[in-house]
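Worksheet for the structure shown next.
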Amino acid sequence: QVQLVESGGGLVHPGGSLRLSCAASGSIFSIADMGWYRQAPGKQRELVAIITIGGRTNYADSVKGRFTISRDNAKNTVYLQINSLKPEDTAVYYCHADLKRLAWSRRNDYWGQGTQVTVSS
């Protein structure tokens, strides 16, 4: 079994900041990419940011310069620092990991349960 558990969501005012965390646990051999996605009401889930095991990052254009993704490979944890929040950032944020449970197994996608981020005055 593999679990991804997010934390750090909440209600913030426009311009505020949050730090999301996601810890992967269970039977894990290795984790390749880790990332954050979000889904706003009535919209499709979209990529926010992704980070490779080597630390290479990629961001959605809408969050560049405001969001920073990082990871601690020793802890199987990925973080998302969110600054200068806007009302349009309101969404459920999901953690994603592309990982292998065993040395000889294929990589598969795993998702967290989501954490709500609400930006409102």
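The values are calculated or read from the model by the stated rules, or taken from the named source; none is laboratory data. None of these values were measured; they are calculated from a predicted model. We place every Cβ from the backbone using ideal geometry, glycine too, and count neighbours over all the protein chains shown. Surface areas here come from the heavy atoms of the whole protein model, side chains and all, with no ligands, DNA or RNA. Shrake-Rupley method; radii C 1.70, N 1.55, O 1.52, S 1.80 Å.
The table below lists the values:
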read-out	value
Number of positions in region 68-85 that are at negative phi, surrounded by 13 or more Cβ atoms within 10 Å (Cβ to Cβ) and more than 12 Å from the chain's Cα centre (by Cα)	3
Qualifying residue in region 48-55 (condition: in contact with a strand residue (DSSP E or B) (Cβ under 7 Å, 6 or more places away or on another chain), open to solvent by 40 Å² or more (accessible area, probe 1.4 Å) and not β-branched (Val, Ile, Thr))	no
Counted residues, region 71-121 - those being without any contact (Cβ under 8 Å) to a residue 12 or more places away in the chain and of a type in the set (S, T, N, Q)	1
Residue count, region 103-119 (criterion: open to solvent by 100 Å² or more (accessible area, probe 1.4 Å) and under 23 Å from residue 18 (Cα atoms))	2
Residues (in a strand (DSSP E or B) and either open to solvent by 30 Å² or more (accessible area, probe 1.4 Å) or touching a Gly at 6+ places or on another chain (Cβ under 7 Å) (or both)) located in region 6-21	6, 7, 11, 18, 19, 20, 21
Tally of residues being closer than 17 Å to residue 111 by Cα and open to solvent by 60 Å² or more (accessible area, probe 1.4 Å) across region 35-46	4
